[in-house]
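Working notes, beginning with the structure itself.
Each reported figure results from applying straightforward, stated rules to the coordinates on display, with no laboratory input. Bear in mind the structure is a predicted one, so any value in this text is a computation, not a measurement. Ideal geometry is used to build each Cβ from the backbone, glycine not excepted, and the neighbour counts take in all protein chains shown.
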Ligand code: AHG
Ligand code: MN
Ligand code: MN
């Protein structure tokens, strides 16, 4: 892993205990909206500013973009990596004290960039414990991230070469059932007959279930919103990179998310990730 990429991943790992520690006092809504038109929580804004400050200071990072800010920040010399964050994924779970995450993408191209330009992707999961899943060079590693007595953070690998189990067990589908398209609803009926429902409302928590137990996560196309809800640059691409690096597959309904054209930084995309057979089955229906 190149120095700059390692430093980016380490910076997010080191920030994780601090982000987690700052959540309880920042559950209130602000009167601001993000680029996707969603009301921001104080925690969204605070986590974004904390990560922006640290990630833009890294030599070799040329661009920084966040789900919580309209524009891409140019930082450092051009020609370096472009770093994307979803500072708090599933922040609506803060009110109900359920799992949330931080999503990281490191691209070797200017944003907006296709997922095939990712050189690393990772997510922090603020669950009962804080873990971090890092995908790089085709391999996925899971770490436990803990705060040391000195107030710093250390991460230790607990699962090396993480791969999706061959036999899928769980599924999690977002959006409201009446808003699903007929073709997705047909697919969902099949999967519901075979697997167990595990949907927690934060993509990172739901994807981590799939990575751990095998299955499929989807935030699908909707009648009201054919492009779905999740953002390609900040959520779809990084998660697709992790799941594909773990031997799974991803799709936007037609092709791997990593092959999807990137036209603008905040574009949304349907997201389907999980075991290869379940993704192939979905694409055969679409
Ligand atoms: P974010 O909090 O970063 O906007 O992400 C929320 C996303 C994703 O985490 C989750 O899969 C989805 O929103 C849940 O959406 P619904 O509330 O519509 O189920
Ligand atoms: Mn998100
Ligand atoms: Mn978010």
| request: Using R₀ = 35 Å, calculate the FRET efficiency as 1/(1 + (r/R₀)^6) where r is the Cβ-Cβ separation of residue 281 and residue 161; round to 0.05. | output: 0.85
| query | For residue 59 and residue 97 in one chain, what is 0.36 nm times their gap in residues minus the Cα-Cα distance, to one decimal in nm? | reply | 10.1 nm
| field | Rel. contact order, % - alpha carbon contacts under 8 angstrom, at least six apart, the range 109-192 | value | 15 percent
| said: If you fit an axis through the alpha-carbon atoms of helix 42-55 and take the longest principal axis of the Cα set of the chain, what angle between them do you get, 0 to 90°, nearest 10? | reply: 60 degrees
| query | Which whole-number percentage describes the relative contact order of the range 234-286, with Cα contacts under 8 Å and a sequence gap of 6 or more? | reply | 39 percent
| message | Quick check: from the Cα gyration tensor, does the range 172-253 come out rounded (a/c under 1.5), prolate or oblate? | response | oblate
| query | To the nearest 0.05, what FRET efficiency results for residue 77 and residue 32 with a Förster distance of 25 Å applied to their C-beta separation? | reply | 0.20
| query | Rounded if a/c is under 1.5, else prolate if a/b beats b/c, else oblate: with a ≥ b ≥ c from the C-alpha gyration tensor eigenvalues square-rooted, which is the range 1-146? | reply | oblate
| query | What full-extension length gain, to one decimal in nm, is calculated for residue 189 and residue 213 as 0.36 nm per residue of separation minus the Cα-Cα distance? | reply | 6.7 nm
| task | Would you mind pulling out the separation of the Cα centroids of the range 82-136 and the range 227-286, in Å? | result | 15 Å
| request: Determine the relative contact order of the chain: mean sequence separation of Cα pairs under 8 Å and six or more apart, normalised by residue count, in whole percent. | output: 16 percent
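How would the range 135-222 be classified by its alpha-carbon gyration tensor: rounded, prolate or oblate, with rounded meaning a/c under 1.5 and the a/b versus b/c comparison settling the rest? Intermediate results must be reported in sequence, preceding the final value.
Values: a/c = 3.03, a/b = 2.07, b/c = 1.47.
Prolate, since a/c reaches 1.5 and a/b exceeds b/c.
Stretched out fully, how many nm does the piece from residue 137 to residue 224 gain, at 0.36 nm a residue minus the Cα gap?
Values: separation 87, 0.36 × 87 = 31.32 nm, distance 3.77 nm.
Extra length from residue 137 to residue 224 when fully extended: 27.5 nm.
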